[in-house]
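This report refers to the structure that appears directly beneath it.
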Amino acid sequence: MQDDLPGPHHDWLDSDAGPVVRPYMMTGGRVRPAIGGFDLVAFVVAAVPSGDSRADPLQPEHRQILRLSQEPISVAEVASYLDLPLGVVRILLADLLTADLIAMHEPSSAPSFPEDDILKAVVNGLRAL
């Protein structure tokens, strides 16, 4: 019960859940990342070691992303671990990418097809059956 807590009472504090912050507050009201598309399967890798002093002024969510991304991790996994909407995570990632604190490895968008000679060999092999 919130009334049982000592001190001032705030609408943004829930006695059971702790501080409740709306996702748009984490992004400063931004709804689109400034840079990057951040595909779900794109990989994020920290460009700085965990605990680097450049992370000190960042929001807790930014620092948590840096900790998670010490090893390559997908955008979808970051959103899952942080338990945040994907749109919010994309904006936070854009902040880190702009500050050169992470590197992104986007999947290739160009489809890669096998060489013609390989396809012909497969067709010939199927006909031989």
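The values are calculated or read from the model by the stated rules, or taken from the named source; none is laboratory data. Since the model is a prediction, treat every value here as computed from it, not as a measurement. We place every Cβ from the backbone using ideal geometry, glycine too, and count neighbours over all the protein chains shown. Heads up: the accessible areas ignore ligands, DNA and RNA and are worked out on the full protein's heavy atoms, side chains in. Shrake-Rupley method; radii C 1.70, N 1.55, O 1.52, S 1.80 Å.
Key figures
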quantity: Residue in the range 99-108 that is farther than 14 Å from Leu40 by Cα, touching a residue at least 24 places away in the same chain (Cβ under 8 Å), touching a His at 6+ places or on another chain (Cβ under 7 Å) and open to solvent by less than 40 Å² (accessible area, probe 1.4 Å) present; calculated: no
quantity: Residue in the range 34-48 that is modelled with pLDDT under 85, assigned to a helix (DSSP H, G or I) and open to solvent by less than 50 Å² (accessible area, probe 1.4 Å) present; calculated: no
quantity: Residue in the range 65-86 that is surrounded by the fewest Cβ atoms within 10 Å (Cβ to Cβ), counting only those that are over 15 Å from Gly51 (Cβ atoms) and among the β-branched types (Val, Ile, Thr); calculated: Ile73
quantity: The range 85-129, residues that are polar (S, T, N, Q), within 21 Å of Glu71 (Cα to Cα) and modelled with pLDDT under 85; calculated: Ser108
quantity: Residues (under 16 Å from Leu58 (Cα atoms) and of a type in the set (Asp, Glu)) located in the range 70-102; calculated: Asp95, Asp100
